Structures are given as structure tokens and as C-alpha cells.
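Here's the structure we're looking at; comments come further down.
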Amino acid sequence: SQKIEQNSEALNIQEGKTATLTCNYTNYSPAYLQWYRQDPGRGPVFLLLIRENEKEKRKERLKVTFDTTLKQSLFHITASQPADSATYLCALGGADSWGKLQFGAGTQVVVTP
Amino acid sequence: EAGVVQSPRYKIIEKKQPVAFWCNPISGHNTLYWYRQNLGQGPELLIRYENEEAVDDSQLPKDRFSAERLKGVDSTLKIQPAELGDSAVYLCASSLGPAPQYGYTFGSGTRLTVV
């Protein structure tokens, strides 16, 4: 069965450092991958989209890579700030199943001053 | 713009009782989704609407769950009767379309507790 894995342990990081999160998947050939941010008591907020033919995408302090050979996406937050503290979810979609995103369980990031 | 509006924010009911959740998507967003999120898990799709048509309800437990989207705008998700295992956060999301470049906009969700 399709499986999406994100680190279940919280990532504790010092302000100013780069946070790197991992999203691994098995039994899946996604056409695209999205990353979302979720704060406690709120719904996820869309951050970035990367397609299978793209290696890297950037948006301000965020960078996403997508390696279809390794079946992995990395999500980087550079120059992290306490306001970046949240849970980050990856979500995968297939070319034959647009509108049917499958979400990982998310990784909590805690940025300390 | 108000974003995706959901109500109520919290609901506590006894098992076997009915419950309904309401969602008002962003104006102009034709695609509407209902997701369920259990504690510590990612959201799981229950149903997707394109305008007023349910185009994917394969993961909706149809014996007790129902949904509607009249006039292709607001939507209601109902559970009858509720079971203990239905306790979760029910999220509504909308997008301009199902294509991936249209990231989803989620509401804040309804936290359901069944006792």
C-alpha cells in the first residue's frame, strides 16, 4: 500500500539555523508534491508545490527538493525564526488523481531564540 | 477575504447522536473538499466536490456519513449516528480547481468529540 513517512520526532532548532525536514514515500509515483504548514488548532496552509520533473523550488526562506529516484522530498527553512515553529506536512498527488492529495503525518518544528 | 469558514469550531455529542458541520468556501472556488484529521495524523480525504457534483466520495463511510453542496457553494457534512471512533477534526478546504498548482485553502476545522 502507499505510504508517506515524515519524522515523527519534533525537530528542535536554534534561531538562525537551517531546519531540514524529510518526506519519504513508498509504493507511489507522485506527479507532484506539496508542503503545508499547520499551527495548533488551525487548518494546514499551502506553502509550496514541486512537480516530478522539477528538482528544486524556492520561496523566500523555503526550499524544497524532489528526488523521484530516492522517493524523497526535503524541505528546508533557512535562517529559521521562532515564528516558523509549527507542524509541516507533505502531501503527494498523482497525475491520474488530481484533487486527491495524500498527506503525511507531519513533523513538528520548534525554533528557540 | 474571510477565507474558508467552518462552524461550529467545537462539538461534543453522545454516541449515536447526529451531528452536522457547515463549510463556506472562498468565493469563486469551484472545488471543495472535506477531510478528517485524527490526532497526530495527516488529513484524510472524505469527499471532493466540483461545483455541486461529488466527484470522489470513495473514502466516505456512506453508511453513516453524508454530504451535500447545494448550488455549488456552501457544503454540509453529516454523521448519523456518530460513533466513538468519529472523534477527530473535520476540515473543509477549497481551491480554484483540482489541478496541483491550486494549493488548497483550509478552514480551521470542527473538532468533534463523541462521548
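The values are calculated or read from the model by the stated rules, or taken from the named source; none is laboratory data. For clarity, every value in this text was computed on a predicted model and none was experimentally measured. Cβ sites come from the backbone with ideal geometry, for glycine too, and all protein chains shown count toward neighbours.
Tabulated results
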item: Condition check for B:ILE47: aliphatic (A, V, I, L, M) and more than 14 Å from every other protein chain (Cβ to nearest Cβ); result: no
item: Selection within the range A:1-19 - facing chain B (nearest Cβ under 9 Å) and part of a loop (DSSP other than H, G, I, E, B); result: A:SER8
item: Residue that is out of contact with any His (no Cβ under 6 Å at 6 or more places or on another chain), within 19 Å of A:ASP39 (Cβ to Cβ), polar (S, T, N, Q) and touching a residue at least 40 places away in the same chain (Cβ under 8 Å), where the choices are B:ASN38, B:ASN30; result: B:ASN38
item: Scope the range A:1-49; condition among the small types (Gly, Ala, Ser) and within 12 Å of A:VAL109 (Cβ to Cβ); matching residues; result: A:ALA10, A:ALA19
item: Enumeration of residues in the range B:41-78 that are touching a Lys or Arg at 6+ places or on another chain (Cβ under 6 Å) and either more than 30 Å from A:ASN7 (Cα to Cα) or hydroxyl-bearing (Ser, Thr, Tyr) (or both); result: B:TYR49, B:GLU52, B:VAL55, B:SER66, B:SER75
item: Only one of B:LEU112, B:LEU96, B:LEU91, B:LEU77 that is of a type in the set (A, V, I, L, M, F, W, C) and more than 23 Å from B:LYS62 (Cα to Cα); result: B:LEU96
item: Check on A:GLN38, closer than 20 Å to B:TYR33 by Cβ, touching a Leu at 6+ places or on another chain (Cβ under 8 Å) and not small (Gly, Ala, Ser); result: yes
item: Residue in the range A:24-34 that is exposed (fewer than 12 other Cβ atoms within 10 Å of the Cβ) and either over 11 Å from the mean Cα position of the chain (by Cα) or at pLDDT below 95 (or both) present; result: yes
item: In the range B:1-45, residue surrounded by the most Cβ atoms within 10 Å (Cβ to Cβ) [restricted to those that are charged (D, E, K, R) and within 12 Å of the chain's Cα centre (by Cα)]; result: B:ARG36
item: Count - residues of the range B:60-77 that are surrounded by fewer than 16 Cβ atoms within 10 Å (Cβ to Cβ) and within 27 Å of A:LEU89 (Cα to Cα); result: 3
item: Count of residues meeting criterion [outside any loop (DSSP other than H, G, I, E, B), out of contact with any Asp or Glu (no Cβ under 6 Å at 6 or more places or on another chain) and among the charged types (D, E, K, R)] in the range B:1-58; result: 5
item: Selected residue (criterion: surrounded by the fewest Cβ atoms within 10 Å (Cβ to Cβ)) from residues of the range A:35-81 that are in contact with a Pro (Cβ under 6 Å, 6 or more places away or on another chain) and not polar (S, T, N, Q); result: A:LEU49
item: Any hit, the range A:105-112, residues being more than 10 Å from chain B (Cβ to nearest Cβ), part of a strand (DSSP E or B) and within 25 Å of B:TYR102 (Cβ to Cβ); result: yes
item: Contacts under 6 angstrom Cβ, first residue in the range A:31-54 being more than 7 Å from chain B (Cβ to nearest Cβ), partner at pLDDT 95 or above and outside any strand (DSSP E or B), 6 or more apart; result: A:TYR36/A:PRO44; A:GLN38/A:PRO44
